[in-house]
1. Do the conditions hold for residue 89, that is, is it in a helix (DSSP H, G or I), of a type in the set (S, T, N, Q), at pLDDT 95 or above and out of contact with any strand residue (DSSP E or B) (no Cβ under 7 Å at 6 or more places or on another chain)?
2. Is there a residue being without any contact (Cβ under 8 Å) to a residue 24 or more places away in the chain and basic (Lys, Arg) anywhere in the range 89-109?
3. Working only within the range 64-83, note down all residues that are in a helix (DSSP H, G or I) and either at positive phi or not aliphatic (A, V, I, L, M) (or both).
4. Among the residues of the range 64-81, which ones are surrounded by 15 or more Cβ atoms within 10 Å (Cβ to Cβ) and either of a type in the set (Phe, Trp, Tyr) or in contact with a strand residue (DSSP E or B) (Cβ under 6 Å, 6 or more places away or on another chain) (or both)?
5. Take the residues in the range 87-99 that are under 21 Å from residue 56 (Cβ atoms) and not hydrophobic (A, V, I, L, M, F, W, C); name whichever of them is surrounded by the most Cβ atoms within 10 Å (Cβ to Cβ).
6. What residue, among those in the range 111-137 that are among the polar types (S, T, N, Q) and assigned to a helix (DSSP H, G or I), is surrounded by the fewest Cβ atoms within 10 Å (Cβ to Cβ)?
7. Of all residues in the range 94-125 being of a type in the set (Gly, Ala, Ser) and more than 14 Å from the chain's Cα centre (by Cα), which is modelled with the lowest pLDDT?
Amino acid sequence: MGWEIHIHLIAAVSWIGGSVFMFILGISLRDKDDQQAVYPRIGPIFGYFEMGSLIALLITGTLMIINNGLITILFDMNIHNIAIDALRQKLIIVAIMTIITIIHTVIAFKTNGKERTKLETIISRGSSMGIFILNFIVLHHAIVIRDAL
């Protein structure tokens, strides 16, 4: 494996670590005044950092798939083994998580420092929880792939 795996791992640690930090921050800050003091300041910084991590993950993951000749294997549903099946599942979850992240980011930047509607709050919190949970499912699949190799 080349340089891509190193960037991929650093970006994954950043992405998942950031998600855990924001989750803990979210459940720790119960007071609305505290939330209004913290989120408008760190939210945009965190958002840009996380988007950079996600972009790095998508680029390096794609490069590793291409460089290792896995494109045709991934789309050939007659080929099955632990690593390929885990990679297929991981890619589906990553696609879902990317869509959820885009939705969450749009709402977060649109409403930064403003009062959210009930729907925006529900979507934002739900997407945040979804990203948090899906991160660990993706991590599980990455471990399965690594163990199979």
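1. Details: in a helix (DSSP H, G or I): yes; of a type in the set (S, T, N, Q): yes; at pLDDT 95 or above: yes; out of contact with any strand residue (DSSP E or B) (no Cβ under 7 Å at 6 or more places or on another chain): yes.
Yes.
2. no
3. 67, 72, 75
4. Residues satisfying the conditions do not exist here.
5. Looking only at the range 87-99, we keep the residues that are under 21 Å from residue 56 (Cβ atoms), and these are 87, 90-99.
Still in the running and not hydrophobic (A, V, I, L, M, F, W, C): 90, 98.
Numbers: 90: 19, 98: 16.
Filtering the range 87-99 for residues that are under 21 Å from residue 56 (Cβ atoms) and not hydrophobic (A, V, I, L, M, F, W, C), the one surrounded by the most Cβ atoms within 10 Å (Cβ to Cβ) comes out as 90.
6. Our first condition is that a residue be among the polar types (S, T, N, Q); within the range 111-137, this holds for 111-112, 117, 121, 124, 127-128, 135.
Going one step further and asking which of them are assigned to a helix (DSSP H, G or I), we end up with 111, 121, 124, 127-128, 135.
Numbers: 111: 17, 121: 13, 124: 19, 127: 21, 128: 19, 135: 20.
Within the range 111-137, the match that is surrounded by the fewest Cβ atoms within 10 Å (Cβ to Cβ) is 121.
7. Keep residues of the range 94-125 that are of a type in the set (Gly, Ala, Ser), which gives 95, 108, 113, 124.
Okay, now just the ones that are also more than 14 Å from the chain's Cα centre (by Cα), so 108, 113, 124.
Numbers: 108: 89, 113: 79, 124: 89.
The selected residue is 113.
This table checks each residue for (1) among the acidic types (Asp, Glu); (2) in a helix (DSSP H, G or I); (3) in contact with a helix residue (DSSP H, G or I) (Cβ under 7 Å, 6 or more places away or on another chain); (4) surrounded by fewer than 17 Cβ atoms within 10 Å (Cβ to Cβ).
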{"site": "8", "(1), (2), (3), (4)": "no, yes, yes, no"}
{"site": "13", "(1), (2), (3), (4)": "no, yes, no, yes"}
{"site": "45", "(1), (2), (3), (4)": "no, yes, no, yes"}
{"site": "62", "(1), (2), (3), (4)": "no, yes, no, yes"}
{"site": "85", "(1), (2), (3), (4)": "yes, yes, no, yes"}
{"site": "103", "(1), (2), (3), (4)": "no, yes, yes, yes"}
{"site": "109", "(1), (2), (3), (4)": "no, yes, yes, yes"}
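The values are calculated or read from the model by the stated rules, or taken from the named source; none is laboratory data. The structure presented is a predicted model; accordingly, all values stated were derived computationally and were not measured. With ideal geometry, Cβ positions are generated from the backbone for all residues, glycine too; neighbour counts draw on all protein chains shown.
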